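Report on the following structure.
The values are calculated or read from the model by the stated rules, or taken from the named source; none is laboratory data. Worth saying up front: this structure is predicted, and the values here are computed from it rather than measured. Cβ: placed from backbone, ideal geometry, glycine included. Neighbour counts: every protein chain shown.
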């Protein structure tokens, strides 16, 4: 039994944090699904930017969109991205069906510049889900103040949501509450509760921020302590009477998803987080390099322990070194939103450059 099979057997699911046209057309994604226990896909603007700028894979799709009078860089990005997402969703559909709609998802994110506009986020989420026209598409929405309001409304409208940009147990609790409120509205309206959600907790950014401020013995431990706390809170929520009433009516629990699990500290193994965050009922979304490394030499450590006391003791040691955990969680979320907006801007600029290149090539060909 290889490490990926062992991890799958713990009850955790692995999603690939990568989607490109080449990954799909080459059969690589199908191979990962069939042989490496990948059961879902996430993506981000940086991945698409590299794919568009790195060659001609997207030229024909962009040209077709332009011919259909799709002009703005943002609309072009969604046009080509949705093609990849729909193709990936179709590859994953058997997993979605076999899991009763609790796995086998792809994620598409609303434009990051909507982060503070709940109404526009809801409208964008509804539009993206309708355009994808696949039940196993998650709309990715940041768990900011405005985002939480939008998440509740989207869940109430029947749109599955990947709540992103979460860092702390408090962030997770807020995301879970938004999911619960959305389901409770559906229950009151007599609507089905089969609307999935995951709550994405960012992992490695914790240690990247904390490790320079703490002794070597404490490095690489803050993130795992925060995830342990969050897992304990997840268990409390699914054990609550509030959740049990929704579960009895057909709802499925919002899964914690460990994101940003590629290792940033060169002193740690490149499979460090993947081997230490295994827990039933959770998802780990990982870069392609981490997936392949874990398949080659990874190992599953003990299951992640929802040990509140142990996590609190670890975080108290970090606090004693002058790190304000609560303030840092806020900073990480704000910085994460800023980084997403920067990545999105870079993607739009990349798309505009590609459009200019294609039009110049077309004009040159026409002039001959």
Restricting attention to the stretch 31-46, the residues that are surrounded by fewer than 20 Cβ atoms within 10 Å (Cβ to Cβ) and more than 20 Å from residue 7 (Cβ to Cβ) number exactly 1
Just for the stretch 21-44: of the residues that are at pLDDT below 95 and in a loop (DSSP other than H, G, I, E, B), which one is farthest from residue 289 (Cα to Cα)? 44
For the stretch 136-179, name all the residues that are over 17 Å from the mean Cα position of the chain (by Cα) and outside any helix (DSSP H, G or I). 157, 158
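For residue 256, are the conditions met, namely being modelled with pLDDT under 95, surrounded by 13 or more Cβ atoms within 10 Å (Cβ to Cβ) and in contact with a helix residue (DSSP H, G or I) (Cβ under 9 Å, 6 or more places away or on another chain)? Full working, then the answer.
Numbers: modelled with pLDDT under 95: no; surrounded by 13 or more Cβ atoms within 10 Å (Cβ to Cβ): yes; in contact with a helix residue (DSSP H, G or I) (Cβ under 9 Å, 6 or more places away or on another chain): yes.
Here the answer is no, as residue 256 does not meet what is asked.
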Tell me which residues, restricted to the stretch 328-358, are over 23 Å from the mean Cα position of the chain (by Cα) and without any contact (Cβ under 8 Å) to a residue 40 or more places away in the chain. 356, 357
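Please go through the stretch 218-234 and pick out each residue that is over 21 Å from the mean Cα position of the chain (by Cα) and either surrounded by 19 or more Cβ atoms within 10 Å (Cβ to Cβ) or closer than 22 Å to residue 196 by Cβ (or both).
The initial filter retains those residues of the stretch 218-234 that are over 21 Å from the mean Cα position of the chain (by Cα), namely 218-221.
Those that are over 21 Å from the mean Cα position of the chain (by Cα) and either surrounded by 19 or more Cβ atoms within 10 Å (Cβ to Cβ) or closer than 22 Å to residue 196 by Cβ (or both): 218, 220, 221.
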Hey, among the residues in the stretch 188-217 that are surrounded by fewer than 21 Cβ atoms within 10 Å (Cβ to Cβ) and closer than 18 Å to residue 101 by Cα, which one's nearest to the chain's Cα centre (by Cα)? 194
May I ask you to say which residue of 292, 303, 315 is under 20 Å from residue 203 (Cα atoms), outside any helix (DSSP H, G or I), modelled with pLDDT of 90 or more and under 26 Å from the mean Cα position of the chain (by Cα)? 303
Out of everything in the stretch 104-121 that is in contact (Cβ under 8 Å) with a residue 40 or more places away in the chain and in a helix (DSSP H, G or I), what residue ends up being farthest from residue 45 (Cα to Cα)? 113
